[in-house]
Amino acid sequence: MSFKNVVIYISIIIATCAISSECFICDTCVCQNSIINCTENGLINILDLWEHTETLKDTTLMHFDYNGITHVKKLPSSKVKCLTLRHNQISSIEDLAFINLIYLKELDLSYNYLTTDDLNQNTFKISRGDSKVSIRPTGLLILRLDNNNLHSLTSRVFEEMEYLVSLSLAGNPLITIDRSTGLALSSLPMLRVLNLANTSICELPDHFLHTPRFLATINLSKNKFTQIPQGLSEVHALQRLDLSYNPIVSILNFPKMPSLKILHLSYMPELNAIGTRAFSNLRNLEEFHCMHNYKLESIDPNAFSYKSSDGSEVELWPNIIKLDLSYNALRYLDSNLLSRWDTLEELNLQGNKWECDCLNQWFVNTLAPMLESKHSEFLIDFTCREPTEMNGKSILDLHHLHYEMRCLDYYNHHPETDGVLLVGILIGVLLAVPFTMGCMMYCAKRKNSLSYYHRIFNQYKAPYSHEFQLRESSIYQPTSIIADGYQCENR
């Protein structure tokens, strides 16, 4: 193509753009089915959208991720419901920037450079539209502010977001939930999902979760909690809780959470034990995910059970349907941990240090056939670790062989290994005796006579006195005996 033709082609494009201002955004981005996708275009000023109102009027989804955008200006009116601005360099947002997006339900500002000072009560304000309309927009429902540089929140930042149901602050260096942050979160009465993962917090302040009465999901993973936050008992409707990746050493008791159904306690580097009645206050628990805790060696048989509240001493259990205890350091698991194992929809016990003795015989008789019929994929690494001679043996194979595992002896040792030890000792003795005799014969042969050793022995024999030798002779021995109190002599 000649230079002249290139100039003509560019001129045509410019002329077309002059007629229709919509060409630029749809030439640069992908415009299709009411979606505008401008991801990874590297255009810092791509949010100058006022010249493209005709294209935007029917758009419901806009992506402007990975563009190096540093500032968000006031956006023109549109029907957009979801706007994502992830992985940019946004460090400032103009007041009322989203005021015209009256249908906006989801806003994602994750992975930017926003600080506490960049957000105020006007940042997320959205017009409610015409007051004469019978059904008015409710405003934002989902807001993601993950991985910015927020150390705190101003108390009024969510002032006009009373319908917000999901808020994510994950990856921000909050360190502590200070008073203004607590007030900001407490101003969201309809909040259902709160993500505070990886925010370096180590405790929850009192009463700050009391106001959101519909809060159902909290993610507190990857923080610095060393014990279960007792403030969780104030969450009235909590159904899902994630405390994974926290340095909790042992779990002794959870606060009362009668609505909790799903609990995650995985990848906890210090967790080594779960105590008795640890989950007795979680009476409606349905899913328990506790995996990849490489120091977790024991779970008390009564960890889930609780006493009936009617005054009787009847033992009850929650109706757990999903149990994941894979890749911990467990050696034993009591069959009384749950009331019913056959009602489980999912069970994963792979990757532990299972001790294959009579205490775990129920693995072979009960769990292996159950898993084979429901989830055979969870049997791949369901194997013995101890005793040594059974290391790596599949528990399912033991079931097929109708294998009966032996019990430990009084000293908690495997008796079958004692026979091997005794045989080894016997073989050692049998080999040592001829070897020793052979060495002696070889040495004697080198000295030509056994008298050599006799001479050596006599050299060091102590010289006894003549009287001692006489006393030791048979002539000198007394022959008298004592009988019936009288002394009789043989003559």
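Numbers below:
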{"item": "Number of positions in the range 168-188 that are without any contact (Cβ under 8 Å) to a residue 40 or more places away in the chain, assigned to a loop (DSSP other than H, G, I, E, B) and of a type in the set (A, V, I, L, M, F, W, C)", "result": "5"}
{"item": "Number of positions in the range 27-51 that are open to solvent by less than 70 Å² (accessible area, probe 1.4 Å), of a type in the set (Val, Ile, Thr) and within 19 Å of Leu109 (Cβ to Cβ)", "result": "3"}
{"item": "Test: residue in the range 6-21 that is modelled with pLDDT of 55 or more and not charged (D, E, K, R)", "result": "no"}
{"item": "Scan of the range 313-352 for residues that are more than 16 Å from the chain's Cα centre (by Cα) and touching a residue at least 40 places away in the same chain (Cβ under 8 Å), ordered by number", "result": "Arg331"}
{"item": "Some residue of the range 256-264 being closer than 19 Å to Leu367 by Cα, crowded, with 17+ Cβ neighbours inside 10 Å and at pLDDT 95 or above", "result": "no"}
{"item": "Yes/no for Phe64 being touching a residue at least 12 places away in the same chain (Cβ under 8 Å), in contact with a Cys (Cβ under 9 Å, 6 or more places away or on another chain) and open to solvent by less than 30 Å² (accessible area, probe 1.4 Å)", "result": "yes"}
{"item": "Search result, residues across the range 235-255 that are open to solvent by 60 Å² or more (accessible area, probe 1.4 Å) and under 27 Å from Thr211 (Cβ atoms)", "result": "His236, Gln239, Arg240, Asn253"}
{"item": "Number of the exception - His71 against (1) crowded, with 16+ Cβ neighbours inside 10 Å; (2) in contact with an Asp or Glu (Cβ under 8 Å, 6 or more places away or on another chain)", "result": "(1)"}
{"item": "The range 302-312, residues that are over 25 Å from the mean Cα position of the chain (by Cα) and assigned to a loop (DSSP other than H, G, I, E, B)", "result": "Ser308, Ser309, Asp310, Gly311, Ser312"}
{"item": "Wholly within the range 189-301, strands (runs of 3 or more DSSP E) carrying at least 3 residues that are within 21 Å of Lys322 (Cα to Cα)", "result": "217-219, 240-242, 262-264, 287-289"}
{"item": "Sole exception among (1) of a type outside the set (Ser, Thr, Tyr); (2) open to solvent by 90 Å² or more (accessible area, probe 1.4 Å); (3) out of contact with any Lys or Arg (no Cβ under 9 Å at 6 or more places or on another chain) for Arg385, by number", "result": "(3)"}
{"item": "Residue count for the range 413-445, restricted to those that are open to solvent by less than 100 Å² (accessible area, probe 1.4 Å) and modelled with pLDDT of 65 or more", "result": "14"}
{"item": "Test: residue in the range 281-289 that is closer than 16 Å to Leu367 by Cβ, open to solvent by 20 Å² or more (accessible area, probe 1.4 Å), under 18 Å from the mean Cα position of the chain (by Cα) and at pLDDT 95 or above", "result": "no"}
{"item": "The range 125-145: number of residues that are crowded, with 19+ Cβ neighbours inside 10 Å and either at pLDDT 95 or above or in contact with a Pro (Cβ under 7 Å, 6 or more places away or on another chain) (or both)", "result": "3"}
{"item": "Residue among Thr181, Thr176 that alone is among the β-branched types (Val, Ile, Thr) and open to solvent by 50 Å² or more (accessible area, probe 1.4 Å)", "result": "Thr176"}
{"item": "Residue that is nearest to the chain's Cα centre (by Cα), among those in the range 77-98 that are open to solvent by 30 Å² or more (accessible area, probe 1.4 Å) and closer than 25 Å to Ser155 by Cβ", "result": "Ser91"}
{"item": "Residue in the range 311-323 that is closer than 23 Å to Asp397 by Cα and surrounded by 14 or more Cβ atoms within 10 Å (Cβ to Cβ) present", "result": "yes"}
{"item": "Among residues of the range 205-234, those that are closer than 23 Å to Ile142 by Cα, of a type in the set (A, V, I, L, M) and open to solvent by 10 Å² or more (accessible area, probe 1.4 Å), counted", "result": "1"}
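Quick grid of which residues meet (1) in contact with a helix residue (DSSP H, G or I) (Cβ under 6 Å, 6 or more places away or on another chain); (2) at pLDDT below 95; (3) assigned to a strand (DSSP E or B):
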{"site": "Asn328", "(1), (2), (3)": "no, no, no"}
{"site": "Asn352", "(1), (2), (3)": "no, no, no"}
{"site": "Ser373", "(1), (2), (3)": "no, yes, no"}
{"site": "Phe378", "(1), (2), (3)": "yes, yes, no"}
{"site": "Arg385", "(1), (2), (3)": "no, yes, yes"}
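The values are calculated or read from the model by the stated rules, or taken from the named source; none is laboratory data. This structure is a prediction, so every number in the text was calculated from the model and none was measured. Reconstructed Cβ throughout: ideal geometry from the backbone, glycine too, with neighbour counts over all protein chains shown. Side chains included, ligands, DNA and RNA excluded: accessible areas come from the protein's heavy atoms. Shrake-Rupley method; radii C 1.70, N 1.55, O 1.52, S 1.80 Å.
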